[in-house]
Amino acid sequence: MSGNTSFIALDWGTSSLRAWRFGDSPNPQEKREFPWGIMKLPSQAATREDAFHDTFLRVCGDWLAQSPCPVLACGMIGSAQGWQPAAYLPCPVTLEGLAKQLTPVIHQQQTMLHIIPGVIKEGEMPEVMRGEETQIFGAISMEPALQNAIRQGMPVLIGLPGTHAKWAVVENNTITDFRTFMTGELFDVLSRHSILGATMRSGDEPHWDAFTHGLTAAQEHHQTGLLSTLFSTRSRLLTSNLTPSSQGDYLSGLLIGHELCGLASSLLRDLPATTPIALIGSATLNSRYSQAFSHVFPDRQLHAIPNATEQGLWRIAHVAGLLSTNARECTHAI
C-alpha cells in the first residue's frame, strides 16, 4: 500500500460493497469491490452486528491498521436491515444538512464509521432515497455545466438509472424534488418470471433497432399505460416483428420509454428547456439512457458523470469536518 491514508469511503448497498482509500486529495488512491451487500454478508458470526463488523474489517481493516482515519458510508448500510439505522431527512435537503446528521456506528465502545442519512419526500405518494443523495452532490461537484446553472439560479435535473431509477431536481444546491421509477427491477422480473421472458434469448450484441422500436411504442401509446403495451413484447415475436434475441432490447426500450414519458409529465414538465440534465450510472446504462433520451427528447443535452459516489462521500466528509487539515485545504483548491 503506497501513500498515506486520511479517509476511507464506503458505498454499502443491498448486494455489493465498494471501498475507496483517499490520501490528501479527492482522487482515490485505491478502490476495492466485493459482492458483500447488507443481504449477502460473508461472515458467519453469531450476531448480525458482529457479521457487519467482521465484513468491515475484511474490507478495510488493513488500511485502518496502517493509518487510523475516519470512515464514511452511504447506501443501504443505514437502512433498517443495515448495521445501524440512519434517519431519513425531509426533502428539500442540502449537502450541509446531510453532513450535520451523520449516524455513528459504535462497536465495543469504539466508533467504527459514520453513515450518511437518506432523504424522504412526504405526501400522498411518498418517495425515499438512500445513497443517491450522495451521488447527486458528488455529480454537482464534478460537472461545470451543473455548477454554472446553479450559480445562475437555474435548476438542474439528475438521473440515476438502475434497479430503482431516480430523477431528482436540484436548485440552489438543494435537492427539492425527486421521483422513483422501478424500471430495472421490472425488466428483471419480466425477463425471468413472466411469459415475456420465456422465449427471450441473449444476443452477442445489443439490438438497437428493437430498442428504438420499444421507445417509439412507449411514446405512441404511453397514454394507455405500460400495462397495455407490455404484451407487445410477445405479440411482436409471434408476428415475426421481433426475434428471441431482440425481445430483451425491445422490452428495455419499452420500459425506459415509459419512464421518460412519465418524467416528461412530472419533473421535466415544469423545468425550463435549457435545464442541464446529467446521468449518473454505469457506462452500459448511461449509453442506453443517452440513446433513449436522444430519441424521446432530441433537443435536450445529457452530461454523463462517472465516479460521482466517491466524490459525494469526499464532499460530505469535508463539510462534516472528518478530513485532515491537508485534505480540507486540497478540497478548497479544486
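The values are calculated or read from the model by the stated rules, or taken from the named source; none is laboratory data. On a predicted model such as this, the values are computed, not experimentally measured, just so you know. Note that we place each Cβ from the backbone using ideal geometry, even for glycine, and neighbour counts take in every protein chain shown.
Taken together, the residues in the stretch 160-177 that are in a strand (DSSP E or B), out of contact with any Leu (no Cβ under 6 Å at 6 or more places or on another chain), within 13 Å of residue 280 (Cβ to Cβ) and not β-branched (Val, Ile, Thr) amount to 3.
The residue that is surrounded by the most Cβ atoms within 10 Å (Cβ to Cβ), counting only those in the stretch 267-294 that are among the small types (Gly, Ala, Ser) and within 26 Å of residue 151 (Cβ to Cβ), is 278. Would you check which residues across the stretch 181-206 are within 17 Å of residue 232 (Cα to Cα) and assigned to a loop (DSSP other than H, G, I, E, B) and list them? Within the stretch 181-206, 194, 195, 196, 197, 198, 199, 200, 201 qualify. From the list 146, 157, the one residue that fits, being outside any helix (DSSP H, G or I) and outside the structural domain of residue 86 (by TED's automatic domain parsing), is 157. Considering only residues of the stretch 33-49 that are surrounded by 15 or more Cβ atoms within 10 Å (Cβ to Cβ) and out of contact with any Gly (no Cβ under 6 Å at 6 or more places or on another chain), which is modelled with the lowest pLDDT? Checked the stretch 33-49; the qualifying residue modelled with the lowest pLDDT is 43. Scanning the stretch 169-217 for residues that are closer than 30 Å to residue 147 by Cβ, without any contact (Cβ under 8 Å) to a residue 60 or more places away in the chain and among the aliphatic types (A, V, I, L, M) yields a total of 1. In the set 104, 42, 68, 28, which member is part of a loop (DSSP other than H, G, I, E, B), more than 17 Å from the chain's Cα centre (by Cα), within 30 Å of residue 173 (Cα to Cα) and assigned by TED's automatic domain parsing to the domain that holds residue 118? Unique residue meeting the criteria: 28.
Taking only the stretch 70-112 into account, find how many residues are more than 30 Å from residue 150 (Cβ to Cβ), at pLDDT 95 or above and either of a type in the set (Lys, Arg) or surrounded by 18 or more Cβ atoms within 10 Å (Cβ to Cβ) (or both). Result for the stretch 70-112: 4. In the stretch 216-249, of all residues being of a type in the set (Val, Ile, Thr) and surrounded by 13 or more Cβ atoms within 10 Å (Cβ to Cβ), the one that is nearest to residue 193 (Cα to Cα) corresponds to 233. A count restricted to the stretch 118-160 and to residues that are closer than 21 Å to residue 11 by Cβ and touching a helix residue (DSSP H, G or I) at 6+ places or on another chain (Cβ under 8 Å) stands at 18.
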